[in-house]
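Below: the structure, in structure tokens.
The values are calculated or read from the model by the stated rules, or taken from the named source; none is laboratory data. As the structure is a computational prediction, the values presented were derived from the model and not from experiment. Cβ coordinates were reconstructed from backbone atoms using ideal geometry, including for glycine residues, and neighbour counts include every protein chain displayed. Protein only, heavy atoms only, side chains kept; ligands, DNA and RNA dropped before computing areas. Shrake-Rupley method; radii C 1.70, N 1.55, O 1.52, S 1.80 Å.
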Amino acid sequence: KGFDVVAYDSNSELSDGLNNQRLPILEPNLPELLAASRSRIRFTSDATTLDECGVIFFSEDIPTNDDNISDLFPLHRLIEEVVTHATPGTILVVLSQVPPGFTRKLDESLKQLYPGSDLKVFCQVETLIFGQAVERALHPERFIVGCRHPQDPLPAPYGELLGAFDCPILPMRYESAELAKIALNMFLVSSVSVTNTLAELCEAIGADWSEIIPVLQS
């Protein structure tokens, strides 16, 4: 979209590899996208360079164990590394999937730790899918944004960035956005379960599932 990007990770081996266009994952069209945008993106393990950024996204992967307990320590550590180098008024956006209540607590704690810094905290629901990540990132259906004051306009740099994608922007309370991500996952699981059940029923009674699909889409 023409924006300049600084991509930070404390792992210097990762950032060096990315600067040389060595990708750690396989994703359709990602090498081509990186090559086309190479002049506008810089990968670094030096957190001090983040003072150039007006909007900072946190996309730390959140591991979850078999008891459905999330390990938020890596995200907390990353935020601590970054905010000390953020300039006053910087917009912080949490992309990681976090439990409801996380972003509000983060906003309150940053206000206490850095009074006068005017850091603005948001959470944004990420809906990428493996194998379709580039397509969905470039052509999102909508942006779901958790805000402290959803009735207020988004700060200019953040609003300009999201506006470049020409799709609906849905501002809502922090907790609503955090729960929206869980809700999307629940609806996906439910739709898969219902589809499998109906497909099995079709086989049992001689119905044709392909004939039923248009009825559900109407």
Checklist entry - By average Cβ neighbour count within 10 Å, what is the ranking of 120-132, 22-34 from highest down? => result 120-132, 22-34
Checklist entry - When the accessible area of the chain is split by element with a 1.4 Å probe, what percent falls to carbon and sulfur? => result 56 percent
Item to check | Whichever lysines have a C-alpha closer than 21 Å to that of Lys111, once near sequence neighbours (fewer than 8 apart) are set aside | outcome: Lys120
Checklist outcome for this item: Among beta bridges assigned by DSSP with both residues in the chain, the antiparallel ones amount in percent, to the nearest 5, to 15 percent
Item to check | Mean residue ellipticity (222 nm) of the chain, computed from DSSP H runs ≥ 4 via -39,500 (n - 2.57), nearest 500 | outcome: -13000 deg cm²/dmol
Item to check | Per residue value of the accessible surface for segment 114-166 (all protein chains in place, 1.4 Å probe), Å² | outcome: 56 Å²
Next on the checklist: Helix check for the chain. Which DSSP H runs span at least 30 Å along their own axis by Cα, with a mean Kyte-Doolittle hydropathy no less than -0.5?
Outcome noted: 174-205
Next on the checklist: Restricting things to Cα coordinates, could you compute the convex hull volume per residue of the chain in Å³?
Outcome noted: 164 Å³
Checklist entry - With +1 on each Lys and Arg Cβ and -1 on each Asp and Glu Cβ, how big is the dipole of segment 78-218 about its Cα centre, in debye rounded to the nearest 20? => result 520 debye
Next on the checklist: So if each residue of separation counts as 0.36 nm, and I subtract the Cα-Cα distance between Asp66 and Asp208, what length gain in nm does that give?
Outcome noted: 47.4 nm
